[in-house]
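Read-outs throughout are calculated quantities, based only on the coordinates presented, and are distinct from any laboratory measurement. Every value quoted in this text rests on a predicted model; they were computed, and no experiment measured them. Heads up, the Cβs are rebuilt from the backbone with ideal geometry, glycines too, and the neighbour counts pull from every protein chain shown.
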Amino acid sequence: MAYAVDFSDTAKAQLLAIPLDAAMAVADVLAGMSLDPWNYGRAPVEPPDRSKAHRCVAFGAGFVWCLVLDRDALVWVTEVQWLG
């Protein structure tokens, strides 16, 4: 089942402030998260912890913080940090 992706107002503002190549990297992360939000971006030996709905996924020189809401099939992006 695919999950919808939505953004907090903070995340929207942060996305508008990063370079285009960084925004494209975020789009790739979120495409993967929408298909498998618990396993995307994890090391193979790191088991998913569904007791914690908050996830942080690295992309290039930044991070995406999300809440995974299974009951709503939603990945809620709370923050995007670009370090580049």
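Placing unit charges on C-beta atoms (Lys and Arg positive, Asp and Glu negative, everything else neutral), compute the dipole magnitude of the chain about its Cα centre in debye, rounded to 20. Could you put the intermediate results ahead of the total?
Working: 6 positive and 10 negative charges, 28 e Å.
The dipole magnitude comes to about 140 debye.
Loop-resident trypsin sites (Lys or Arg not before Pro) (DSSP state other than H, G, I, E or B) in the stretch 26-84 with no more than 14 further Cβ atoms inside 10 Å of their Cβ: Arg42, Arg50, Lys52. A full extension of the chain between Glu79 and Ala58 corresponds to an added length of 6.4 nm, given 0.36 nm per residue minus the alpha carbon distance. Protection proxy ranking of 28-34, 12-18, by the mean of other Cβ atoms within 10 Å over each peptide's residues and highest first, is 28-34, 12-18. Taking the longest Cα principal axis of the chain as reference, the axis of helix 20-35 is set at about 10 degrees.
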